[in-house]
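Here the structure is laid out as structure tokens; the discussion comes afterwards.
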2 protein chains.
Amino acid sequence: MRTCFSFFIVIMLGFIANGEIVSRNVEYKQGEAVLEGLAVYDSAIQGRRPAVLVVHQWKGLGGYEKKRAEMLARLGYNVFAADIYGKGIRPQSVQDAAKEAGKYKNDRALLRARVRAALEVLAGDERTDPKRIAAIGYCFGGTTVLELARSGTDVAGVVSFHGGLSSPAPADAKNIKAKVVALHGADDPNVPPKEVAAFEEEMRQGSVDWQLVAYGGAVHSFTDWNAGNDNSKGAAYNERADHRSWEAMKQFFSELFK
Amino acid sequence: MRTCFSFFIVIMLGFIANGEIVSRNVEYKQGEAVLEGLAVYDSAIQGRRPAVLVVHQWKGLGGYEKKRAEMLARLGYNVFAADIYGKGIRPQSVQDAAKEAGKYKNDRALLRARVRAALEVLAGDERTDPKRIAAIGYCFGGTTVLELARSGTDVAGVVSFHGGLSSPAPADAKNIKAKVVALHGADDPNVPPKEVAAFEEEMRQGSVDWQLVAYGGAVHSFTDWNAGNDNSKGAAYNERADHRSWEAMKQFFSELFK
């Protein structure tokens, strides 16, 4: 009965804590570059809590990432959505996005510096329990959180949603301390089987704690509700894979933050 | 507050329902063959409920499968542990187990008949909601539940834990109506990358609803607590992958049976 009552209290707190989701822009710097991320949290939760860094797709931090950050804040996390590109740099066209993302994919040292700058903002926040931080990313952001792990940072875990899995320096996997989860569309033409196999071998050689989930019928961008539903375009929303991958992430977090 | 109170009631019911786990041997037949499975359920739960068929490893139905069946019964499922080999046929040595399993792996029609006979027992049980049945299997049993799916049965879903993934008739995947989950040790020497790739292609060509999870650092038998912990033997228990795969199964069931 006592156990029941404790459960009851926990549930009540859960209800109370489902308060207002607050989000505010945060300027920060990496070197001389001015960046503008988004801090998101549930104002009803008191004190430090597990925290999640969210890294954006190739068009930069926008409405999609804000929505994901809010979803995470509603789960009780203190969230910071990173800005890798810089304040005001939000490419609109596919061509510009590819160019901007390419700048960082081809300069992994810069990419690491940018994502680590965002991590520092989150780790230093008064609401963050610095021992319980994870990072997730979508598409370009998936690649970015893997790079964060390869840089040897001590976040508890990273999750890539339909991110590119290749690395120019596979030996860096030996630096990885974070647990790694790759959530992958099995029909993603941007991340072909050869790249998946190389990633698995990289993780294996680095003795990483890793998992990869392949979702049948899913192509690139399978979590992005703005991506349409035409698989033949190589990028499309897939409700089933979106739901399953979100649940897989939640399960992973419950393991990390237990 | 009303919602809170409902939750409280649900939790109390949860506690009450966690009653005695009953298990009893059940004789049944496939053709002339006499088989002996194990029915397991929570006696405190009333009426029909979602049901799970459990298929054994290559040494036949034994203590391991009984324990898994009990774990599932504790989650509220009506469980039947199948006997593919026949009453009293429980090979003790690795050689005998390989020989017995080989008999069925090389005669998929017989394997299908045997597993379907077990499914009929479960589906016809007074505690089973016949519209909410899943099947899981370990090792040889993983192969078996995939074969059950390929036979076109309408179970809601199947889960293979470290099962062999190859099929002598990949075109049969077009018959599959069940959702398919393969939980795979990424370092399993019995199920090499080529076999995984062929399975993925089989599922793709059959337009199956499928997922595959690869667990880094896990070899064959990763859920079997009797398998020791020496990865170099090719089969070993892996607590991390065991826990994660069990949670993945639970998540899948919550999707199937919602």
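The values are calculated or read from the model by the stated rules, or taken from the named source; none is laboratory data. What you are looking at is a predicted structure, and each value in this text was computed from that prediction instead of being measured. As a convention, Cβ positions derive from the backbone with ideal geometry for all residues, glycine included, and neighbour counts pool all protein chains shown. Ligands, DNA and RNA are stripped out before the accessible areas are found, and what is left, the full protein with its side chains, is counted by its heavy atoms. Shrake-Rupley method; radii C 1.70, N 1.55, O 1.52, S 1.80 Å.
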Please determine, in degrees from 0 to 90 and to the nearest 10, the orientation of helix B:63-74 with respect to the longest principal axis defined by the Cα atoms of chain B, where the helix direction is its Cα long axis. 30
Show me, for region A:121-131, the HN-Hα J-couplings you get by feeding each phi into the Karplus relation (A = 6.51, B = -1.76, C = 1.60, θ = phi - 60°), rounded to Hz, glycine and proline as x. 4, 5, 5, x, 6, 5, 8, 8, 7, x, 8
Of all the accessible heavy-atom surface of the protein assembly as shown, with the other protein chains kept in place and a 1.4 Å probe, what percent is carbon and sulfur? 52
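Between rounded, prolate and oblate, where does region B:139-254 land on the alpha carbon gyration tensor, with a ≥ b ≥ c its root eigenvalues, rounded for a/c under 1.5, else prolate if a/b exceeds b/c? Present the calculation step by step, with values, prior to reporting the outcome.
Numbers: a/c = 2.20, a/b = 1.57, b/c = 1.40.
In terms of gyration-tensor shape, prolate.
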Which distances, shortest first and in nm, link residue B:106 to the matching position in the other copies, using label points set 7 Å out along Cα to C-beta? 5.8
For residue A:117, the net charge from surrounding residues (Cβ-Cβ under 10 Å; K, R +1; D, E -1) works out to +2
Using a 7 Å Cα-to-Cβ projection, residue B:255 label spacings across copies, nm, ascending: 1.6
Average other protein chain Cβ within 10 Å of Cβ, residues B:212-219: 6
Charged-residue dipole, Cβ positions (Lys, Arg, Asp, Glu), the protein assembly as shown about Cα centre, Debye nearest 20: 560
Set of lysines with alpha-carbon distance to residue B:174 below 17 Å, sequence-local pairs under 8 removed: none
In A, who owns the beta-carbon nearest the axis carrying A over to B, and how many Å from it? A:213, 2
Toward the positive end of the charge dipole of region B:200-258, about the Cα centre and with charges on Cβ (Lys, Arg +1; Asp, Glu -1), which of B:246, B:211, B:221 goes farthest? B:246
Once phi is turned into θ = phi - 60°, what whole-Hz ³J(HN,Hα) does the Karplus curve with 6.51, -1.76 and 1.60 give for every residue of region B:55-61, x standing for Gly and Pro? 10, 6, 6, 6, 8, x, 4
Where both partners of a DSSP beta bridge lie in chain A, what percent of those bridges are antiparallel, to the nearest 5? 30
Just flag the trypsin sites (Lys or Arg not before Pro) in region B:141-207 sitting in loop per DSSP whose Cβ has no more than 15 other Cβ atoms within 10 Å. B:177
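For every helix of n ≥ 4 consecutive DSSP H residues, a contribution of -39,500 (n - 2.57) applies; sum these over chain A, divide by its total residues, and give [θ] at 222 nm rounded to the nearest 500 deg cm²/dmol.
Calculated at 222 nm, the ellipticity per residue is -12000 deg cm²/dmol.
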Working out 0.36 nm times the residue gap between residue B:166 and residue B:251, then minus their Cα-Cα distance, what length gain in nm do you get to one decimal? 28.1 nm
Alpha carbon convex hull of region A:167-209, projected area averaged over orientations, nm²: 3.1
Compute the orientation-averaged projected area for region B:34-186 from the convex hull of its Cα atoms and round it to one decimal in nm². 8.7
Accessible surface, per residue, of chain B when the full set of protein chains is kept, probe 1.4 Å, Å²: 43
So what is Rg over Rh here for the protein assembly as shown, counting just Cα atoms and using Kirkwood for Rh? 1.00
Evaluate the charge dipole of region B:32-149 about its Cα centre and quote only its size in Debye, nearest 20, assuming +1 on the Cβ of each Lys and Arg and -1 on the Cβ of each Asp and Glu. 240
From a point 7 Å beyond the Cα of residue A:190 in the direction of its Cβ, which residues of region A:221-254 have a backbone N at a distance under 15 Å? A:221-238
Sorted on mean Cβ neighbours within 10 Å (highest first), peptides B:206-213, A:142-149 come out as A:142-149, B:206-213
Formal net charge of residues neighbouring residue A:79 (Cβ-Cβ distance under 11 Å; K, R +1; D, E -1): +1
Spelling it out for residue B:222: with amide H atoms placed in the peptide plane at 1.01 Å from N, the residues 5 or more places away or on another chain with amide H under 5 Å from its amide H are B:236
Which net charge results when you count Lys and Arg as +1 and Asp and Glu as -1 among the other residues whose beta-carbon is under 15 Å from that of residue B:93? +1
In nm, one decimal, shortest first: how far is the label point of residue B:63 (7 Å from Cα along Cα to beta carbon) from the matching points in the other copies? 6.0
Buried area at the B-A interface (accessible, heavy atoms, 1.4 Å probe, summed, Å²): 2500
Taking the Cα centre of chain A as the origin, how large is its charge dipole in debye, to the nearest 20, when only Lys and Arg (+1) and Asp and Glu (-1) carry charge on their Cβ atoms? 440
Determine the order of A:125, A:42 by accessible area, beginning with the largest, at a probe radius of 1.4 Å. A:125, A:42
